[in-house]
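The values are calculated or read from the model by the stated rules, or taken from the named source; none is laboratory data. Being a predicted model, the structure only gives us computed values, none of them experimental. Here the Cβ positions follow ideal geometry from the backbone for every residue, glycine too, while neighbour counts run over all protein chains shown. Ligands, DNA and RNA are excluded from the accessible area calculation, which covers all protein heavy atoms including side chains. Shrake-Rupley method; radii C 1.70, N 1.55, O 1.52, S 1.80 Å.
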Amino acid sequence: MKFESQNLRPLNKFGVNCIATNYFRFTEVSELDNLAKSRSLDQRNVLILGGGSNILLPEKFDGVVLHPCNDKIELLDQDLSSIIVRAHAGLEWDRFVTHCVGNGWGGLENLSLIPGNVGAAPVQNIGAYGREACELIEQVTCYDLATNEVVILSKQNCEFSYRNSIFKRRPELLVISVDFKLHKPRTALLRSLKGDKKSISGVAAEFKKIISLVTKDFRFGPKTKWRPQVSFDNIRTLLDIDLIPISLKRRLVCLIRRKTMPDPAKIGNVGCFFKSPIVKSSIADSIKTAYPKISLYPGTPGTYKVSAGDLIRECGWAGKKIGDVSINARRPLIILNHGNASAKEILNFSKSVQSDVQKKFNITIEPEVVIVQ
């Protein structure tokens, strides 16, 4: 097994230079197994690199970089209403979503256009518009670099929580593939319309929801064109309506993300850099009173999720630029590399943002991004 020296700039969405002296890409588990059994891999100095969409790399990494590249999709099982599909870690996430929606398999459409590869989905427990990957994951197949064994973890054993999982606490677990349980919405809808009065009333209720949302969120604009004016909360409601085809839901999510999220192919970024903090109800109440523009979302009993973007905006950081690093004016969760910023410059910028939020609100906003130092 031979390592290569590799500049990881094209393999990370921030587009920072990072010279990896021991880079190893593999497709089959047997290749990884041969490497692990022939060389001693120090867990403290191993970096598992996927699509590079949620990571800030250093200028040089002298450890071992393991890059899984298997991008297969396998149909494992199905019945009239659901399907089990396996996606391998090296598969681009949105290519997987496109495949599933194209085959009429529902569940992933809310997660359209999230950058990165499938292997990162369980690690980060990716989510958008009220849906998290853990709701659909059945099990995760991993390679344990500490024992050189293949390990299969059930959903429960993955210990999922908001943007978190067991994989963050056990970095020796390298994701090989992920099994998802998806549903067949067309079949479910046909069954609901076979004369079941309760089901028909449910469909009628969904029609009312659609009419209400259209009335509320669409305005007649200039030049006789309809313009969507959909709020974030109403998008979630719309995506929860089973009557709307999953292909239409995906198109809606893609439209919104393209309007609100910068394309990493055009400007370096990894999407949301910070996690929205979870606070006690008492703290949320004081924020609501003093800063009514800050969005709050109910969490577990007695807690609220506070919009980190709103906290950052209130501190005056939206649109601010230092050197080649800036923060997105419309989505202040997103840090941008305008071309030549180093990892150190991006990191220092993020720490300044965190410091100001801490000073103003006494709230810590933590990075969602994996920072390698």
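Listed values, structure above:
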| read-out | value |
| --- | --- |
| Approximate spin-label separation K320-T27, in nm, with each point projected 7 Å along Cα-to-Cβ | 4.8 nm |
| Counted charge near K37, where neighbours are those whose Cβ lies closer than 12 Å (Asp, Glu -1; Lys, Arg +1) | -2 |
| At R0 = 51 Å, FRET efficiency that the Cβ-Cβ distance of A146 and I267 yields, to 0.05 | 0.85 |
| Nearest-10 value in Å² for the accessible area of H88, using the 1.4 Å probe | 20 Å² |
| Per-pair calculated FRET efficiency, R0 = 35 Å: D77 and N34 via Cβ, rounded to 0.05 | 0.70 |
| Cut-off 13 Å (backbone N to label point 7 Å along Cα→Cβ of K360), residues of the stretch 311-345 | 311-320, 332-333 |
| Förster radius 22 Å - calculated FRET efficiency between E59 and K351 (Cβ-Cβ, nearest 0.05) | 0.80 |
| Sequence of D310, D62 from largest to smallest accessible area, 1.4 Å probe | D62, D310 |
| For the stretch 329-373, accessible area per residue (1.4 Å probe, heavy atoms of protein chains only), Å² | 51 Å² |
| Most mobile listed residue (P262, P301, P332) in the chain, GNM with C-alpha springs under 10 Å | P301 |
| Separation in nanometres of the label points that stand 7 Å from Cα toward Cβ, at S282 and D242 | 4.3 nm |
| Helix-only [θ]222 nm of the chain, DSSP H runs n ≥ 4, -39500 (n - 2.57) each, per residue, nearest 500 | -9500 deg cm²/dmol |
| Kirkwood hydrodynamic radius of the stretch 1-116, from inverse mean 1/r over distinct Cα pairs, in Å | 16.0 Å |
| Computed P(r) (all Cα pairs; the stretch 275-373; 5 Å bins; percent) | 2, 13, 23, 23, 17, 10, 7, 3, 1 |
| Neighbourhood charge, 14 Å Cβ-Cβ cut-off, centred on Y143 and excluding it, Lys, Arg +1 and Asp, Glu -1 | -4 |
| Long-range tail of P(r) for the chain (Cα pairs > 34 Å, %) | 33 percent |
| 19 Å Cα-Cα threshold exceeded, pairs from K155/K181; K13/K72; K275/K305; K168/K275; K60/K266 | K13/K72; K60/K266 |
| Beta bridges per DSSP with both ends in the chain, % antiparallel, nearest 5 | 80 percent |
| Once exposed loop chymotrypsin sites (Phe, Trp or Tyr not before Pro) are cut out (DSSP; at most 16 other Cβ, 10 Å), longest piece of the chain | 163-373 |
| D_trans [Stokes-Einstein, Kirkwood Rh over alpha-carbon pairs] for the stretch 96-180, 20 °C, 1.002 mPa s, µm² s⁻¹ | 163 µm²/s |
